[in-house]
1. Just want the ordering: L138, L153, L76, from fewest to most Cβ atoms lying within 10 Å of their own Cβ.
2. Pulled fully out, how much extra length does the chain show between E188 and A173, if you take 0.36 nm times their separation in residues and subtract their Cα-Cα distance?
3. For the chain, which DSSP H helices look membrane-span-like by this rule: Cα extent along the axis of 18 Å or more and mean Kyte-Doolittle of at least 0.0?
4. Given a cut-off of 16 Å, what percent of all Cα-Cα pairs of the range 233-331 lie beyond it?
5. How large is the Kirkwood hydrodynamic radius of the chain, in angstrom, based on all distinct alpha carbon pairs?
6. What's the extension gain from E250 to M81 if we count 0.36 nm per residue and subtract their Cα-Cα distance?
7. Using just the helices of the chain, give the 222 nm mean residue ellipticity in deg cm²/dmol: DSSP H runs with n ≥ 4 each add -39,500 (n - 2.57), and the total is spread over all residues, rounded to 500.
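Please treat every number below as a calculation from the coordinates, not as lab data. Keep in mind that this is a model prediction, so the values were computed, not measured. Neighbour counts run over all protein chains shown; Cβ positions are idealised from the backbone, glycine included.
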Amino acid sequence: MRDLSISVYFARSVLKNAVAHGLDPISLLRKNRISPRLMLEGDARISIERFADLQVATMQAMNDETLGYGTRPMPLGCWSMMCHAVIGCETLAEALSRACRFYQLFELGLHPVLDQDGESAVIRLEEQRVPMPSTPFLHELLLFNLHRFASWLVQEHLPIQVVQLNYQPLAPALDYRHMFLGNPVEFEQHHSQLVLSSGLLKKRITQNETSLRHFLRHPTLIMLTQNYAINSWTSQVRDIVRRQLRNISELNDVAVKLKVHPQTLRRRLAAEGTTFKDIKNQMRRDTALHFLGKQGLSIEEISHRAGFSESSAFIRAFKGWTGVTPYTYRKGL
């Protein structure tokens, strides 16, 4: 399972245009069991499940799959139609080309284009001539959806050579890396685009109409949580830590399990933009957020499940992660 929480920045972005569409953001948050107070905390995080439900509920309330960020609304059902248009393709090249052409039918202010240039394949977002420039969240929404949907089509997390965004980060840079599965992300570039190996375009589509029906029951949640075989050092360490969260190993113990020298593991994690301590804290934090959304578990039990021997240490850590205590967080759900 991938990271189970997400920066509050993305929840704020989902709700940014709600008032302009006659909606009450507070009601949407409470309906989806998210504390409105978290929206005021700069470093707050929410669980992936709650975020996915909030995004879907807001799209439904707006009847707009671009959440008010396009120059014109994209009515509900467009995503489903794109999926049905693509599912019969034989290769990823054909599927991505068809998906890009589908979005070019709409006046969003931005549309994706697939280009092949030698050994690289680029999914680039091109600005349309509109009075106002597109906003960063629309870039993130389109690139995220295309990458995760393509990964679902071939049942493999597609490696990205680099994600390039033409603006400054508006959330912690590490959250952008998590969004794109740990692949490198560069900001303030000429274009917003995904750069892939062109060899990936030859991959065969393994999904079909039957699996698509299951996917479309909650595509947002599936794309946020889908977990395929991946060989990054971060994912391997995360899997070991997750299995032993109540009795977390030290880096040396994990290195033994992975049959590498501890210093080698430390360097490889650093090359992927993380540390063992970061991974351990992220797993504890995300586990806590997940179980706080469940009924019937005491704070003491959640503390234990998140790998803390004392509730007081858990409460201090949780406040550092989210800006509020676990009691206040749960009260707002």
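1. In increasing order of surrounding Cβ atoms, one gets L76, L138, L153.
2. Extra length from E188 to A173 when fully extended: 4.1 nm.
3. Taking the DSSP H segments of the chain (at least 18 Å long, mean hydropathy at least 0.0), we get 48-62, 136-154.
4. Value for the range 233-331: 55 percent of Cα pairs lie more than 16 Å apart.
5. Kirkwood hydrodynamic radius for the chain: 21.1 Å.
6. Answer, rounded to one decimal: 56.0 nm.
7. Rounded to the nearest 500, the figure is -14500 deg cm²/dmol.
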